[in-house]
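We did not get these values from a lab; they are worked out from the coordinates using the rules stated. This structure is a prediction, so every number in the text was calculated from the model and none was measured. Here the Cβ positions follow ideal geometry from the backbone for every residue, glycine too, while neighbour counts run over all protein chains shown.
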Amino acid sequence: MTARIERLVTSGQFTLDGGTWDVENNVWIVGDDHEAIVIDPAHDAEAIARAVGDRRLTAIICTHAHNDHVNAAPVLADLTGAVIWLHPDDLPLWKLTHPDRDPDAHLADGLVMEAAGADLTVLHTPGHAPGAVCLYDPGLGTVFSGDTLFQGGPGATGRSYSHFPTIIDSIRDKLLTLPPETKVLTGHGEPTTIGAETPHLEEWIDRGH
C-alpha cells in the first residue's frame with residue numbers, strides 16, 4: 001500500500017537571537033492506516049497525536065532544530081513512544097529549546113527512513129541551519145523541504161547558525177537535481193514543485209555566488 005500524506009497546521013512562536021515571531025507550521029504525517037511518521041513536530045503535541053490517531057508512530061523526524069519545528073517533539077515522543085530523529089549538526093540549536101533532553105537518533109545524508117510504504121531519503125541541506133535536512137521519496141514524487149526551500153525562494157539565512165551561500169549550494173546540489181514535477185512540501189506555507197521554483201532559484205544562485 002502506498003503511503004499517504006496529511007498536513008496539520010499548528011500555531012505558535014519562533015524564538016531566536018532575542019526575537020520572537022508568531023508562526024504557523026506545517027506538520028506532515030506520512031503513513032497508512034497502521035503506522036506513520038511525523039515530520040516537524042511543531043507547537044501542539046496533543047493535536048499531532050490526535051491526527052496520528054491509533055496508528056503506531058514509528059519516527060518523529062525534525063528537518064532542523066529551530067524551536068518552532070522541535071518544541072513538541074519530547075511530549076509527542078512521550079505520548080507515542082516514537083523515536084526523535086535529528087541531524088547532529090543541529091544539536092546546539094536543539095539544546096536552546098530542550099537542554100535536558102537529547103534526540104534519540106541521528107539523521108545522516110543518504111539514510112533511508114522507511115514507514116508504511118514510504119521510503120524517505122535524507123538529504124543534508126545545510127544553510128538555514130547547520131543540520132537542516134530535506135526528505136525525498138521518489139515513489140511519492142515528493143520532497144519535504146523543511147525551511148530549506150519555499151514557494152518563491154530559499155529559507156531565511158539572516159539569523160544565527162545560518163549561511164546564505166551554503167543554502168544556495170544545498171539547493172543547487174541536492175534539490176534542483178530532483179525531477180521537475182517533484183512536489184515540494186514546505187515547513188511553512190503552501191506547496192510548490194521543483195520545476196516551478198527552478199527559474200527563481202537560478203536567479204538566487206547567481207546572486208549567491
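Test of understanding: what is the full-extension gain from residue 75 to residue 24, defined as 0.36 nm times their sequence separation minus their Cα-Cα distance?
16.5 nm
About the Cα centre, and with charges only on the beta carbon of Lys, Arg (+1) and Asp, Glu (-1), how big is the dipole of the chain? Nearest 20 debye, please.
Here the chain has a charge dipole of around 80 debye.
Could you calculate the contour length gain from residue 160 to residue 196, that is, 0.36 nm times the residue separation minus the distance between their Cα atoms, to one decimal place in nm?
Using 0.36 nm per residue and subtracting the Cα-Cα distance, I get 10.0 nm.
What is the spin-label model distance, in nm, from residue 91 to residue 2 if the labels are put 7 Å beyond Cα along the C-beta direction?
My value for the distance between the label points is 4.0 nm.
Enumerate the amide H contacts of residue 142 below 5 Å, restricted to partners 5 or more residues apart or on another chain; note that Pro and chain-start residues carry no placed amide H.
For residue 142, the qualifying residues are 137, 183.
With the contact rule set at Cα under 8 Å and sequence spacing of 6 or more, what percent relative contact order holds for the chain?
16
I need the shape label for the chain. Rule: rounded when a/c is under 1.5, else prolate if a/b > b/c, else oblate, with a, b, c from the alpha carbon gyration tensor.
Oblate, since a/c reaches 1.5 and b/c is not below a/b.
About its Cα centre, how strong a charge dipole does the stretch 10-90 have in debye, to the nearest 20, once Lys and Arg get +1 and Asp and Glu get -1 at the Cβ?
180
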